[in-house]
Amino acid sequence: MDSLPALMLGLVQGITEFLPVSSSGHLALMKQLFAVENASLTYDILLHFATMLATMLYFGKDILLLLRQWGLGFFSEAARREEGWIFGWAVIAGTAVTASVGLPLKPVVERAMNLPGAVGAGLLLTAVLLWYGSSVASKQPASPGRTISLLRGVLVGAVQGIAVLPGVSRSGSTIVAGLRTGLSPSAAFRFSFLLSLPAVFGATLLEVRGLLKLADWSSTLPPGWFIGFGAAFVAGFASLAILRRAVMMGRWRPFALYCALVGTLSIVLSLWR
């Protein structure tokens, strides 16, 4: 079945983009398994766009409300006392820090994506972070916790920048960082994914700019790419709901054990080869 690799990559992207197990690490390993490295750039962009759409749909009401409050804050003192005003600036500050940390790491990321051992090391780091996050979550109140601030946005944004490394879970590391700064599980989950939108959108634009310079970029898409796109969107939306429930219940350790297992296998296999 020619479309099977595209479908599998779409499902893997949708499931792992939001669950704290590192989508980049799993995609790198899956590409080697299905031998579709040549289609990586174009198809990666499409898959990340699909999961970005899933995030926007899941948080649609939140996004519209916060944008409205932030915009009104430029004209109304009362609006500047609403959550959206400081939330908007926290996202902007966090995104700027993410870019300043993540962009210089791009050459390292591109090399590491082709090294199963490096991906495995990132997954082991994720396992440690999630295990630590389990103990942090158990000490945090379910609600309301502390509120979003500019400093918290900067700190979580820095962690998000480091999480571009293959095998390091963006969602897991940023939620744990949010919990560590005193946010409730619900607030940490919400801020993590709303902060991801500008970063993913910006990274997608940068990749698209380079992609459009290629006359035959569409020919690099794997057969059945549209099936994989749909699978990434549906699986991503479902994964968000699953992760929110796991975060609220403090169920981090099963994900930590999974990352430790996959990371160890990746390193062993890379050494075996």
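The values are calculated or read from the model by the stated rules, or taken from the named source; none is laboratory data. Worth saying up front: this structure is predicted, and the values here are computed from it rather than measured. Every residue, glycine as well, gets a Cβ built from its backbone with ideal geometry; the counts of neighbours run over all protein chains shown.
A few points about this structure:
- If you go through segment 230-251 and keep only what is modelled with pLDDT under 85 and either closer than 14 Å to G14 by Cβ or outside any helix (DSSP H, G or I) (or both), you end up with G250, R251.
- Any hit, segment 77-94, residues being in contact (Cβ under 8 Å) with a residue 24 or more places away in the chain, farther than 26 Å from A188 by Cα and in a loop (DSSP other than H, G, I, E, B): no
- Taking the listed residues A142, A137, A163, A158, the one that is at pLDDT 95 or above and under 29 Å from L65 (Cβ atoms) is A158, with no other qualifying.
- Of the residues making up segment 252-273, those that are surrounded by 15 or more Cβ atoms within 10 Å (Cβ to Cβ) and assigned to a loop (DSSP other than H, G, I, E, B) number 1.
- Filtered by the rule that a residue be within 17 Å of the chain's Cα centre (by Cα) and part of a helix (DSSP H, G or I), segment 111-123 gives V119, G122, L123.
- Among the residues of this structure, T95 counts as one that is in contact with a Pro (Cβ under 6 Å, 6 or more places away or on another chain), within 18 Å of F193 (Cβ to Cβ) and modelled with pLDDT of 90 or more.
- Number of positions in segment 79-99 that are of a type outside the set (A, V, I, L, M, F, W, C) and under 17 Å from the mean Cα position of the chain (by Cα): 3
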